[in-house]
Amino acid sequence: MTAQKLTAEALGTALLLISIVGSGIMGSNLTDDVALALLVNTIATGCMLFLIITILGPISGAHFNPIVTLAFTLRGEHPWRLAAYYIPVQIIGGALGVLLCHVMFDLDTWQIATNMRSSSGLFVSEVFGTFGLLFVIFGGLYSRPDAVPALVGLYITGAYWFASSSSFANPAVTIARAFTDTFTGIEPSHVVAYLVAQTIGLVIALPILRLLFVARHPTP
């Protein structure tokens, strides 16, 4: 069962990065209009999130995100032993997804991003974006578990536009995007700031989530 869960997490995270990076490449190839390219990127990512959460959720919980895994673990709803496997598998899966995108679009397989993403506004955006993602996930699980795939897909679709960072809200996504010098890349020296912001978002979210959404079925 552990192998099944880890495979689901690796595959799901890879598919998520394929949708993010692949649609970013396609959008920028088809138009010089940045807003239109971002719209293409947004739609593909939101659709993929709905699909992978719906299909793989019953297998692994459909985390695809170290912050989500940590949130479930710190709430006592996911074992630490499994979390220690989930997180590296998510990061590896995301990186492999990026490499596959480069192959599909006939680009250099190994790349380092040069897109500069560094400002106080982007930092705050990542804090808020991560908080919002956790709010949607745990709020959805508490109120409408069957709607979580749609809720997460819709949230990220919106966050691409209302958050200045386009809401990475995911360390695996952030790290993987440092290895693509395309539309969705992030310069490696800026990755740490994003990871710190995402962690702060988690820290802020946890007590609020505990207050609002009491865990109903803790896992020892």
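The values are calculated or read from the model by the stated rules, or taken from the named source; none is laboratory data. Here the structure is a predicted model, which means the values were calculated and not measured. Using ideal geometry, Cβ is built from the backbone for each residue, glycine included, and neighbour counts are taken over all protein chains shown. Side chains included, ligands, DNA and RNA excluded: accessible areas come from the protein's heavy atoms. Shrake-Rupley method; radii C 1.70, N 1.55, O 1.52, S 1.80 Å.
Numbers for the structure displayed
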{"quantity": "Contacts under 7 angstrom Cβ, first residue in segment 1-30 being over 19 Å from Thr54 (Cα atoms), partner aliphatic (A, V, I, L, M) and crowded, with 22+ Cβ neighbours inside 10 Å, 6 or more apart", "calculated": "Val21/Val98"}
{"quantity": "Checking Glu126 against (1) open to solvent by less than 20 Å² (accessible area, probe 1.4 Å); (2) touching a Lys or Arg at 6+ places or on another chain (Cβ under 7 Å); (3) among the acidic types (Asp, Glu), the condition it does not meet", "calculated": "(2)"}
{"quantity": "Residue check, Ile53 within 18 Å of Pro145 (Cβ to Cβ), under 17 Å from the mean Cα position of the chain (by Cα) and among the β-branched types (Val, Ile, Thr)", "calculated": "yes"}
{"quantity": "Unique match (being touching a Gly at 6+ places or on another chain (Cβ under 8 Å), farther than 18 Å from Asp146 by Cα and assigned to a helix (DSSP H, G or I)) among Leu38, Leu82, Leu70, Leu6", "calculated": "Leu38"}
{"quantity": "Considering residues of segment 17-35 that are open to solvent by 60 Å² or more (accessible area, probe 1.4 Å) and in a helix (DSSP H, G or I) only, the residue nearest to Val98 (Cα to Cα)", "calculated": "Met26"}
{"quantity": "Pair list, Cβ under 8 Å, 6 or more apart: segment 165-176 residue open to solvent by 10 Å² or more (accessible area, probe 1.4 Å), other residue outside any loop (DSSP other than H, G, I, E, B) and modelled with pLDDT under 95", "calculated": "none"}
{"quantity": "Every pair of residues 6+ apart whose Cβ atoms lie under 7 Å, when the first sits in segment 73-95 and is within 20 Å of Val203 (Cβ to Cβ) while the second is part of a helix (DSSP H, G or I) and among the β-branched types (Val, Ile, Thr)", "calculated": "His78/Thr69; Trp80/Thr73; Ala83/Thr69; Ala83/Thr73; Tyr86/Thr69; Ile87/Thr69; Gln90/Thr13"}
{"quantity": "Answer from Ala215, Ala169, Ala159 - the residue that is touching a Leu at 6+ places or on another chain (Cβ under 6 Å) and either at pLDDT 95 or above or more than 27 Å from Leu96 (Cβ to Cβ) (or both)", "calculated": "Ala169"}
{"quantity": "Candidates Ala62, Ala14, filtered to the one that is open to solvent by less than 50 Å² (accessible area, probe 1.4 Å) and not in a helix (DSSP H, G or I)", "calculated": "Ala62"}
{"quantity": "Any hit, segment 75-89, residues being within 25 Å of Leu38 (Cα to Cα), surrounded by fewer than 19 Cβ atoms within 10 Å (Cβ to Cβ) and either out of contact with any Ser or Thr (no Cβ under 8 Å at 6 or more places or on another chain) or among the hydrophobic types (A, V, I, L, M, F, W, C) (or both)", "calculated": "no"}
{"quantity": "Single unsatisfied condition, Cys47 versus (1) open to solvent by 10 Å² or more (accessible area, probe 1.4 Å); (2) more than 17 Å from Leu151 (Cβ to Cβ); (3) in a helix (DSSP H, G or I)", "calculated": "(2)"}
{"quantity": "Residue selected from segment 144-158 under the condition in contact (Cβ under 8 Å) with a residue 24 or more places away in the chain and more than 19 Å from Pro66 (Cα to Cα), by the criterion most open to solvent (accessible area, probe 1.4 Å)", "calculated": "Leu154"}
